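Data block below; observations after.
The values are calculated or read from the model by the stated rules, or taken from the named source; none is laboratory data. Note that the coordinates shown come from a computational prediction; the quantities given were computed from them, not determined experimentally. Here the Cβ positions follow ideal geometry from the backbone for every residue, glycine too, while neighbour counts run over all protein chains shown.
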Amino acid sequence: MKAWFANAGEGFGRRPGARVVPPNGMSAWLTVSAAAAIAFLATFILAIALAAGHVADRWSEELSRSVTIRLPVPAEGAETEVARILKVLRTTAGVASAREIPAEEQKAWLEPWLGDAPLSAGVIDLPAMIEVIETPAGIDPVGLEKRLQAELPGTVVDDHARWRRPLVQMARRLRLIAALAVALTAATGGLMVAFSAMAALSANDEVIHVLRLIGAEDAYIARAFVGRQSLRALAGALIGNLLALAALFRLPSELPGERLISGLALHPTDWLLLLLVPPFLTAIAWLATRLAVRRHLEEHV
């Protein structure tokens, strides 16, 4: 395994410059291992943020298309009041459909938060509720509430605005945090690969001196070291990325009984985005290594 690490990336680059860099097992092992670990973490961070963002978007979209009407009567025995409100809704502009929310469904919503005991014991009186699905034109929640209160005083219309706004903000912040986390992770990986290149240069100072004596320019030497380190970083990033993708693929997208995190899954386009992690990390490693190698060669003229 160590021999493979030492030669990682050799088959990708058979340029003349690549042959001037003697193999260094320790620096090669460090480069490939660091790149694999960084790619694994970056892939997982990005995947979790994408999945959580999709859940927040889905919740926000569902809330934006529906309105909840709460009647000032308990769910049990409210057939007459519910029928009166439904009759009004059938003649209201902007209402696509309306239905009574059964008490059993309300209990299913509350059970993850409160548990089954308070609901089964009847400690909490569930109100009569109606779900309204809006048309694309939408409804006027204030005007609708006034109209319903004329039929049944105390009726409340909730357009979910106070719930939807935090969800939208959360989705945006999750994507921003994911971008920052991946950028910081990539920068850390680039620095580790650059330090590995510096170690390889220090271990091969005599080789660099001989190359200069026979007329090799620093640009030629830099390309040789940067190319080899970049290929090793790419090999490690591919390993870490594939391991992370395999672990994510085995995670269940739905957990039975866990309504709060139901739907925490990746979209097909997300998998394509996750495949861009290795080339992105390799580009960062190439840039960091190039700067480090040039600085080292300038300091050891």
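Listed values, structure above:
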read-out	value
Residue selected from segment 68-95 under the condition under 14 Å from A128 (Cα atoms) and among the β-branched types (V, I, T), by the criterion surrounded by the fewest Cβ atoms within 10 Å (Cβ to Cβ)	T80
Residue within segment 69-86 that is at pLDDT below 85, of a type in the set (D, E, K, R) and more than 30 Å from N241 (Cβ to Cβ) present	yes
